[in-house]
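Have a look at the structure below before the remarks.
Any read-out appearing in this document is the output of simple, stated calculations on the displayed coordinates, not a laboratory observation. If you're wondering where the values come from, they're calculated on a predicted model, not measured in any experiment. Here the Cβ positions follow ideal geometry from the backbone for every residue, glycine too, while neighbour counts run over all protein chains shown.
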Amino acid sequence: MCADQAGQLVLSLCAEYYDRVYRFVRRSTDAATAEDVTQDVFLRLLEIEDLASRTIRVSYLLKIADNLIKRRYRSGQRHVRAVETIARVGASRRERATPATGIDSGGRLESYERAFERLSDNEKRAIELTVCCGLSHRDAALALGVRMTTITNWKFRGLRKLESALLEDRAYRIAS
C-alpha cells in the first residue's frame, strides 16, 4: 500500500473517531495533553505496514490512547523521581560540607568536595544518579533526556577526573 492510500485511510478514521478518542483521553488528562495524545493515536496508525488489510475499530484506537497515556504518566513519574533524587543528593552534599559536620581528621570529605567541583555539570549529574542514587544508566538517561551511551560516557569521564583529582590532592598533601 502506498503512503497516499495509508494517509487517506487514516484521514477517514480520524474524521470518524477523532472526537470519541479525544473524549476518552480527556477523562484522564488536561485538554492540551488530550489533543496531543489523540493526534499521536492517529499518527501511530501511519506506522502500521499493512493498514489496509486490517479492520480498525474504535476499541483498538482507545487501547492505543490508553497505552500512550500510561507511557506519558510513567515517564513523568520517572522524571519527578529523578528531580527529587537530584535535589536530595544536592542538599545532603551541601549539608555535609558545612564546618559543623564532622570532617574526618584526614580532610577526605574536603578532598572529595574539591574533586567533585572540578567536574562538569553533566558529569556530576551522571555520577549522582548512577553511583550515589543507584539508578540504572537507562533510568538516568531518561531522567536527563539523553541517550544511554551519553550517561555512560559522562560517568566514565567524571570518575576518571575524580580519581586523578584525588590522587593529585593526596600527592599535594603528602608533599606538604
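List of remarks:
- Rg and Dmax [Cα atoms of the range 3-73; Å; Rg one decimal, Dmax integer]: 11.8, 34
- Modelled label reach - residue 52, point 7 Å along Cα→Cβ, the range 6-27 residues with backbone N closer than 16 Å: 6-13
- Where labels lie 7 Å past Cα in the beta-carbon direction, separation of residue 23 and residue 84 in nm: 3.6 nm
- Within the range 108-167, trypsin sites (Lys or Arg not before Pro) in DSSP loop having at most 16 other beta-carbon neighbours inside 10 Å: 118, 147
- Note on residue 59 and residue 44: the model spin-label points, each 7 Å out from Cα along the C-beta direction, lie 1.6 nm apart.
- Label positions at residue 16 and residue 30, each projected 7 Å from the Cα along the C-beta direction, are separated by 3.4 nm.
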